[in-house]
Amino acid sequence: MSKRLFVSVDLDGLADEVSAVLELFEGASGLNFVDPEQAHVTLKFLGDTGEDRVPELIDELERAVETADVDPFPAQFGGLGVFPSLEYISVVWLGVREGGDQLTTLYEAIEDRTVAMGFDPEDHDFTPHVTLARMNHAGGKELVQDVVEQRDPDAGSLRVEDVRLTESVLTDDGPVYSTLESFEL
């Protein structure tokens with residue numbers, strides 16, 4: 001058996017703020033929104049991982065967080081962006097205004113450990129962000145472009161105190177996330 005896993009910093013307590021940002025895109029066809037209750041910054045997507053590897057993975061993530069030597073820190077979320085570009089939008093995201101340096105330090109430590117374990121290295125630079133929506137077709141592209149270019153919403157702040165190993169179970173109603181392990185900063 002395998003589990004679909006990722007490592008994240010969760011936006012606990014900011015669902016209302018994330019919902020308010022999502023409302024800016026109301027009426028944009030082609031967008032598949034995330035559940036605001038499940039909003040997070042992905043530090044590493046691990047994908048399908050054999051259950052037998054999970055104990056070693058937990059040990060390595062614990063070491064990575066220790067090695068990163070990041071103390072609990074304030075993170076502030078706001079601003080909008082897209083991947084890969086405004087011309088071809090596949091992901092709409094919420095930015096990180098404060099705390100990005102600490103998130104990047106955590107990402108680098110986790111990337112080193114997981115790649116050493118045989119997980120695929122990332123093929124692009126790390127940009128701390130919260131995925132808000134995926135674009136399935138370009139029906140609402142102009143609305144999305146306008147909102148991203150003209151709006152600069154705030155989505156609140158929180159104190160980041162841990163990194164989580166999360167399992168994602170795909171269902172007909174979208175992914176359901178559950179925390180397998182939490183690593184305190």
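Where a number appears in this text, it was derived from the coordinates with a stated rule and is not lab data. Just so it is clear, the structure is predicted and the values come from calculations on it, not from any experiment. Because the Cβ atoms are built from the backbone with ideal geometry, glycine has one as well, and the counts that use them run over all protein chains shown.
Going by how many other Cβ atoms sit within 10 Å of their own, how do 19, 8 line up, fewest first?
Ranked by crowding around the Cβ, least crowded first: 19, 8.
Where is the GNM fluctuation largest for the chain (alpha-carbon springs, 10 angstrom cutoff): 65, 115, 21?
115
For the chain, modelled as a Gaussian network with Cα springs under 10 Å, which listed residue fluctuates most, 47, 100, 27?
27
Would you grab the residues whose amide H sits under 5 Å from the one on residue 185? Only those 5+ places off in sequence or on another chain, please, with H modelled 1.01 Å from N.
Distant-sequence amide H within range of residue 185: 162, 163.
Taking the Cα of residue 131, stepping 7 Å toward and past its beta carbon, and measuring to each backbone N in the range 1-23: which are under 11 Å?
The answer is 6.
Under 5 Å between amide H atoms, partner at least 5 residues away or on a different chain: which partners does residue 98 have, H built in plane at 1.01 Å?
Hits under the 5 Å cutoff: 76.
Of the labelled options (i) 9.3; (ii) 16.7; (iii) 10.2, which one gives mean projected area of the Cα convex hull in nm² as computed for this structure?
(iii)
What distance in nm lies between label points placed 7 Å from Cα along the C-beta direction at residue 2 and residue 73?
Going from the residue 2 label point to the residue 73 one covers 3.3 nm.
In deg cm²/dmol and to the nearest 500, what is the mean residue ellipticity at 222 nm of the chain if only DSSP H runs of at least 4 residues count, each as -39500 (n - 2.57), divided by the residue total?
Rounded to the nearest 500, the figure is -8500 deg cm²/dmol.
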